[in-house]
Amino acid sequence: MTPDQQVKPAKQVAIVIDDFGNNMDGTQEMLNLNIPFTVAVMPFLPSTKQDAQLAHEKGLEVILHLPMEPVRGKKSWLGPGAITTDLSNEEIRKRVIAAIDDVPYAIGINNHMGSKATADERVMKIIVEVCKERGLMILDSRTTPKSTIGKLCDQMGVPHTENQLFFDDIYTYNHISKQMVKFKKLVHDKEISIAIGHVGPPGKKTAQVIKEAIPSIQQEATFVPISKTVKK
């Protein structure tokens, strides 16, 4: 059997990189990773359109990284067009549609922050409804165990999946490397493994850790875009 004929491992690994759209550190390093991964782009920012376009040209999947209200932290951290729990149903709907329309090629959404908003069934029902209308999937970033995303998606028939690990919730190379060790264990133990990293302060370090891990992960699993992991 030639190397070209070898069967690809059946296990699937999906890596999502958040926070594209603001000319962040590590953008180029991430786009140069030689694997299919998913680019999560924030709306209404200086390089939103450019980053989505570049990702699309490289054959990468694009999703909208929708800013949502956290339990702790300032609303000002969320950036423009954020979904907060004090908004009316109409305003939430309007903002979600505007954000989807602002990110070219988006096939789905995931939440930026959102520990408060994703636990709020009223808010999430509107977001899930818009995704259903638009034929979009949802990745629950899992910033809270109280998230209602999975339940609502199941009820409303929207394809969804959820994050299992953050690589870079702490920005040090040491922490990101330790998280990669945990992720490799997930890959070993599960059929589908999903992790989120970020461009921005940890971007270059996270890209380096991922790049170094690719060969060993590929011995066990195949890298896929996030849409391949969804529960329909």
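Here are a few things to note about the model shown:
- In the set PRO46, PRO67, only one residue is of a type outside the set (D, E, K, R) and in contact with a strand residue (DSSP E or B) (Cβ under 9 Å, 6 or more places away or on another chain); that residue is PRO67.
- Sole exception among (1) buried (at least 17 other Cβ atoms within 10 Å of the Cβ); (2) under 18 Å from the mean Cα position of the chain (by Cα); (3) not β-branched (Val, Ile, Thr) for ALA221, by number: (2)
- Some residue of segment 102-121 being assigned to a helix (DSSP H, G or I), farther than 28 Å from GLY200 by Cα and among the charged types (D, E, K, R): yes
- For first residues located in segment 47-62 and more than 15 Å from VAL224 (Cα to Cα), partners that are surrounded by fewer than 21 Cβ atoms within 10 Å (Cβ to Cβ) and among the acidic types (Asp, Glu) and lie 6+ apart or on another chain with Cβ distances below 8 Å form the pairs THR48/ASP102; LYS49/ASP102.
- Failed item, numbered, when LYS11 is tested on (1) within 19 Å of the chain's Cα centre (by Cα); (2) surrounded by 16 or more Cβ atoms within 10 Å (Cβ to Cβ); (3) in contact (Cβ under 8 Å) with a residue 60 or more places away in the chain: (1)
- Just one of the listed residues (ILE138, ILE127) is in a strand (DSSP E or B), among the aliphatic types (A, V, I, L, M) and buried (at least 18 other Cβ atoms within 10 Å of the Cβ), and it is ILE138.
- Boolean, ILE210 is touching a residue at least 60 places away in the same chain (Cβ under 8 Å), in a helix (DSSP H, G or I) and hydrophobic (A, V, I, L, M, F, W, C): yes
- Screening ILE138, ILE109, ILE97, ILE83 for residues that are touching a Gly at 6+ places or on another chain (Cβ under 7 Å) and of a type outside the set (D, E, K, R) leaves exactly one candidate, ILE138.
- Filtered residues of segment 164-183 (kept if assigned to a helix (DSSP H, G or I) and touching a strand residue (DSSP E or B) at 6+ places or on another chain (Cβ under 9 Å)): ILE176, GLN179, MET180, LYS182, PHE183
- In segment 65-79 there is at least one residue matching the filter, namely being crowded, with 23+ Cβ neighbours inside 10 Å, touching a helix residue (DSSP H, G or I) at 6+ places or on another chain (Cβ under 6 Å) and either closer than 14 Å to GLY114 by Cα or modelled with pLDDT under 95 (or both).
- Among residues that are loosely packed, with under 15 Cβ neighbours inside 10 Å, in a helix (DSSP H, G or I) and charged (D, E, K, R), GLU29 is not included.
The values are calculated or read from the model by the stated rules, or taken from the named source; none is laboratory data. It should be emphasised that the depicted structure is a prediction, and the values quoted were computed from it without experimental measurement. For neighbour counting, all protein chains shown are included, and Cβ atoms are generated from backbone atoms with ideal geometry for every residue, glycine included.
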